[in-house]
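Participant: Got a structure for you, questions after.
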Amino acid sequence: MEERNKKSAEYISLRQKLEKQSKKNQLAKATPISEGNTLKLLHKLQMHKIELEMQNAVLIESEEKFKAIFNNAEDGMFVFDLGTRTPFLCNPSCARMLGYKQEEFLSLDISDIHPKEDLPFIFEQIDKLHMEEKPLIKDVRFRRKNGTTFFADITPSLIRTDKKDYVLLNFKDITERKLMEEELKKHREELENLVKERTAKLQLEINGRKKAEELLLSEKEFMAKSQAIAHLGSWELDIVDNILLWSDESYRIFGLHPHEFEATYEAFLKIVHPDDRKAVNDAYSNSIKQGKDNYEIIHRIILKATGEIRYVHERCEHIKDNTGKIIRSVGFTQDITEQKLEENKREAVTKLLNIANIHTDIKSFIHEVTDFLQKLSACDAVGIRIKSGEDYPYFETRGFPKEFVCLENSLFARNQDGQLLRDNTGNPALECICGEVICHMSNSSTPYFTSKGSFWTNSATQLCNSISKTDRKIRVRNRCIIEGYESVALIPLHARGESLGLLQFNDKSKGHFSSNAISFLEYLAEYLSVALSRFIAEDQLKKLNEELEDRVRQRTKEFDSERQRLYDVLETLPVYVILLDKDYRVPFANKFFRDRFGESHGKRCYEYLFKKDAPCDNCETYKVMKTNSSHFWEWTGPDGRNYEIYDYPFIEKDGSRMILEMGIDITERKKAEKRIAELASIPQLSPVLIIELDEACNLYYLNPEAKSILPILENENCLRCEFFANLNDIIKKIKKQKVKSLYREIEYNDKWYGQFIYSAPNSRILIYSNDITDHKKTEEMRERLISIIEKSSDFIGFADAKDKNIIYLNAAGREMCGIRKNEDVSNLKLSEIHPEWANKKICEEMLPAVIRDGTWKGECSFINIKNKHEIPVSMVISSHNNAKGEIEVFSTISRDISLLKKEQQERLDLEKQLYHSQRIEDIGAIASGITHDFNNILATILGLTDILLSKNYEDYTKIEYIKMINTAAKRGTSLTKQILAFSKPNEIKYEVIDILPIIHETLKMLESSLKHVAQTSVTVIPKQRRPIIGDASQIGQMLLNLILNARDAMEGKWGKLDIILDEVSLLPNKLPLKELKSGSYLKLTIRDTGRGITPDIKEKIFEKFFTSKGAKGTGLGLSVVKRVLNNHKGTITLNSEPGKGTTFDIYIPTADAS
């Protein structure tokens, strides 16, 4: 600084010498010189020396300004020779960005600072400069000294001189913008040393004047162009005279023209933003008062012409005189608005993303975002609209009056009934600019809309005045103007082509927004839209999960129902059915088995059936466990009866192996067979009918058993007896087929007989017949059991293990897969009845497990071939080996798992119903006891008051008091009768009744609980109303439930309860409900002003046990109302809106209509 002050003093001294010399020259011209040529030459040399010194001082001043601008620029700048493509000058920012020192950089050329693959493009751009083109090159890669690269925006500028062409290259690092102040100071000193050396040379070389003048002119032009390119303006303030000098670029930065600006420090402060003005003045003043060498600050300015706010970076060096006093400030001003806006964008987006990350629901997220946007925009009011159906109401607002939000909530036009109005294309009719912005109907050609579809204005009043009333392209409601909002901005929220909503910013001042501010808000809106779409998607996913859970619960309920039905069938079978596990325990036994052998109580079969300590030797049943195949045998039970046993392998749902055993009582059949065997050799004692006929079918022989049954005699033709029906046809068939015998079964006298008809020698016919009624029943029972398996609701099927062809499907399996009853399934592959994902699971997981372990259990799915519907099932697959031990067949038992879930839900509902029923019975018992004791007390009061009233009292007041006590006691008695009637309802007694007294009686009973909640009114429209036929007790209970519901709905605020009684005639074409018939009805309306009923529970309120009151409610009130009306052939309708109250309309036929 001392050196710079010294140079300034020398500059002033040289200027004074030049002025004195000029005066001497003028004097010399007026007075002829008498000295010789030598004196003239000396004079000229002296003048040349003075002029050179003056030029050097000017050059030093010019270079000081250039160095302050060039070396303090934040952007990288360097100059290179266009012919050789080598740099000869660079600023510190350029060297820092590329990782070189300045002297190292000056030894490079263009190819050293760019990647090799980018050089053709770079040289192409340099060639364009020869043609005087000035393109702005974006995203050009530079290569640092360490080999790393970075992207930068380049602004090249061609500088032409008489001898050479130069290129000034200004580049901005997109990723990092930092000042290197210490580096700038170091290189500034180096440049000052270069200037000193150049000055010394100029003093020694007089002939270099012309070169110095050319260099000075070139550098002045270079400095002006450099400032324009870098948006860097220089300035100089003469503190003594308060004169402020600005470069042309400084005027452009501040949006001024030289003739518009009073060049003083005070005038400069007026341009500074009011909020920053004091800080700027304090910083500059303190730097002068404290004698600092420099001053630096970042602040805002307001452009006079547009009102736009911009950010600038100012820095200056103070120049002192010989006494050390600061007399001058030289500095620069750089427009850093874009950099500042980018920083603000990053901060705002970071804040917005943090808000989105800490919230899990859209409501709290939007709540905090609204606060953030109002603070960020500094607007009086901010609102966020989010799509709901076809409308876009306010989701959250700040600063708007409640009336404004209420009136402006809907964007679409509606008729008097509140229905949405639509245009010819079916879209909702728009009434506001908000709707146009949301629906992409903006006109970007107008100054009010941006290219991204946003709308903004800094004067809503001026906007409305500029729009023609007859031809409005912009639809406005003027509500913002009525509320005094002048500055309005509407930013759309879009995500993946879908309109999500709108951001609304309102401020009562004019000029609140700028184009940069709107771009900033649009930038934020893009991030907000992404976050908002995420919350919306999460809400939709949550709803889908809830729907899925409902479907699962419904399927479980159906499964439980089917399971119960199967259980009921097993319980009614006339055979026993049990399950045995590997530990000989009986986890299931049907009623037939339990009745015969009792409950197992967890004991093993051999323990409680045979009282043994170990399993039976060579147990037939458990052979199934070894062979994994079915087994049939006969067994004599501990009850001494004979059973035909069918054992099958069974897989439990947890994968454990069990045995399914069915036993048919064949004791009677065995006895019959034994009897036949014993009497076979004695026809006379045989229970079998033995009959012999001759060729003409005349009776030849009957054994005793046949005689006891058949009413025919010897030598009598037997064809007239029904026992021998169609016998001729049988005989002809025997002769035709040339067989010895035929067997047939025939019903005779309510019994079944089996007949073996033989063709005996001598043309005789022998008939052996026995009573097979019991056997017939046994066979029917066996077929029924097989039919149960065939008709089982579970899928049962077999498939060939080799080619995976289906061998057998039961009826349930055919129905599940959409296969006709008699359709051949032998050519059907397993893959055809399973979806693709299930086939993959079968091949990769299920069949390998079956081959390895013998069985597999889990969940899978079938697919219906006809409708392609996928059916989830719980499946068990087993393998079956042939005699060689090879797997020959796969079997499966599958069950629709949705039925299980349905039955579970039904069981929970039944348990809940039982609990509430018991609770009501308890309440009835308590009420009965209380009313009994209370009636005793009231009877005493009534008796005493009657005795007192029978006496004569002179005091009239006492008599009135006694009468009041008597009346109150009677009312108490009536009340206890009602309570007792409610607690012990009698059978319905239909009679002709008037409903009005019941209404008054119910209101009287509830008077104490209603008087603090609502004002009650009863309106009777017809003067002569017709009665109804009904039960007064049930009608009273219905009214009690409805009025109590109305009271609870108005709890917490004063309301109004209206009861209206009317009589209406319903025509066939004007029935309010389908279940009503035309005729005369008594219409009872109960209306309250309570909190109302939300649409999602309207369909459920009449369901039993449904309540919206939590633990306070029983869920029986309105279901009782519905039941009472069903008993009286009436019905009820509901009309309710949340926050506006509820109205119930009750229709009951009048007596003549009933």
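Participant: Using Cα positions and a limit of under 16 Å, work out the aspartates and glutamates in reach of Lys738, with same-chain residues fewer than 8 apart set aside.
Facilitator: Hits, sequence-local ones excluded: Asp729.
Participant: From a point 7 Å beyond the Cα of Tyr265 in the direction of its Cβ, which residues of the stretch 323-346 have a backbone N at a distance under 14 Å?
Facilitator: 325-331
Participant: Further question: Return the ratio Rg/(2.2 N^0.38 Å) for the stretch 343-527, where Rg is computed over Cα atoms only.
Facilitator: The stretch 343-527 yields a ratio of 1.01.
Participant: What nm distance separates the two modelled labels at Lys1056 and Lys1070, each placed 7 Å from Cα along Cα→Cβ?
Facilitator: Modelled inter-label distance: 2.6 nm.
Participant: Would you please classify the overall shape of the stretch 398-462 from the alpha carbon gyration tensor, given that a ≥ b ≥ c denote the square roots of the eigenvalues, rounded means a/c under 1.5, and beyond that prolate means a/b larger than b/c while oblate covers the rest?
Facilitator: oblate
Participant: Take the cross-link list Lys289/Lys510; Lys736/Lys776; Lys777/Lys866; Lys840/Lys884; Lys543/Lys1077 and give me the ones stretching past 32 Å between alpha-carbons.
Facilitator: Distance filter (> 32 Å) returns Lys289/Lys510; Lys777/Lys866; Lys543/Lys1077.
Participant: Express in nm, to one decimal, how much length is gained between Leu908 and Lys958 on full extension, taking 0.36 nm for each residue of separation and deducting their alpha carbon distance.
Facilitator: Gain in length upon complete extension: 11.8 nm.
Participant: Further question: Which distance in nm do the two modelled labels at Glu547 and Leu996 give, with both placed 7 Å along the Cα-to-Cβ direction?
Facilitator: 5.3 nm
Participant: Next question. In square nanometres and to one decimal, what's the mean projected area of the convex hull around the Cα atoms of the stretch 670-780?
Facilitator: 7.3 nm²
Participant: By its C-alpha gyration tensor, with a ≥ b ≥ c as the square roots of the eigenvalues, how is the stretch 273-370 shaped: rounded for a/c under 1.5, else prolate for a/b larger than b/c, else oblate?
Facilitator: Because a/c hits 1.5 or more and a/b exceeds b/c, the stretch 273-370 counts as prolate.
Participant: To continue, here is another question. Please list 570-582, 236-248 highest first by mean number of surrounding beta-carbon atoms within 10 Å per residue.
Facilitator: 570-582, 236-248
Participant: Mind checking which of Gln755, Phe723, Val739 is farthest towards the positive end of the stretch 702-757's charge dipole, using Cβ charges of +1 (Lys, Arg) and -1 (Asp, Glu) about the Cα centre?
Facilitator: My answer, from the dipole projection, is Val739.
Participant: Applying 1/(1 + (r/R0)^6) with R0 = 56 Å to the Cβ-Cβ distance of Arg820 and Glu526, what FRET efficiency is obtained, to the nearest 0.05?
Facilitator: 0.45
Participant: Simple spin-label model, 7 Å along Cα-to-Cβ: Ala968 to Ile239 in nm?
Facilitator: Here the modelled spin labels are 9.9 nm apart.
Participant: Rounding to the nearest 20 debye, state how big the charge dipole of the stretch 253-306 is about its Cα centre with +1 on each Lys and Arg Cβ and -1 on each Asp and Glu Cβ.
Facilitator: Charge dipole, the stretch 253-306, about its Cα centre: 100 debye, nearest 20.
Participant: Also, I was wondering about something else. List the residues of the stretch 1134-1153 whose backbone N lies under 18 Å from a point placed 7 Å from the Cα of Leu407 along the Cα-to-Cβ direction.
Facilitator: In the stretch 1134-1153, the label zone of Leu407 (backbone N under 18 Å from the point 7 Å along Cα→Cβ) covers no residue.
Participant: How much length, in nm to one decimal, is gained on full extension between Asp275 and Lys1140, taken as 0.36 nm per residue of separation minus their Cα-Cα distance?
Facilitator: Separation in residues times 0.36 nm, less the Cα-Cα distance, equals 306.4 nm.
Participant: Calculate, in whole percent, how much of the Cα-Cα pair population of the stretch 812-889 lies beyond 15 Å.
Facilitator: When all Cα pairs of the stretch 812-889 are counted, 61 percent exceed 15 Å.
Laboratory data are not the source of any read-out in this text; all were calculated from the coordinates shown. The shown structure was predicted, so the numbers you read here are calculated from the model rather than taken from an experiment. With ideal geometry, Cβ positions are generated from the backbone for all residues, glycine too; neighbour counts draw on all protein chains shown.
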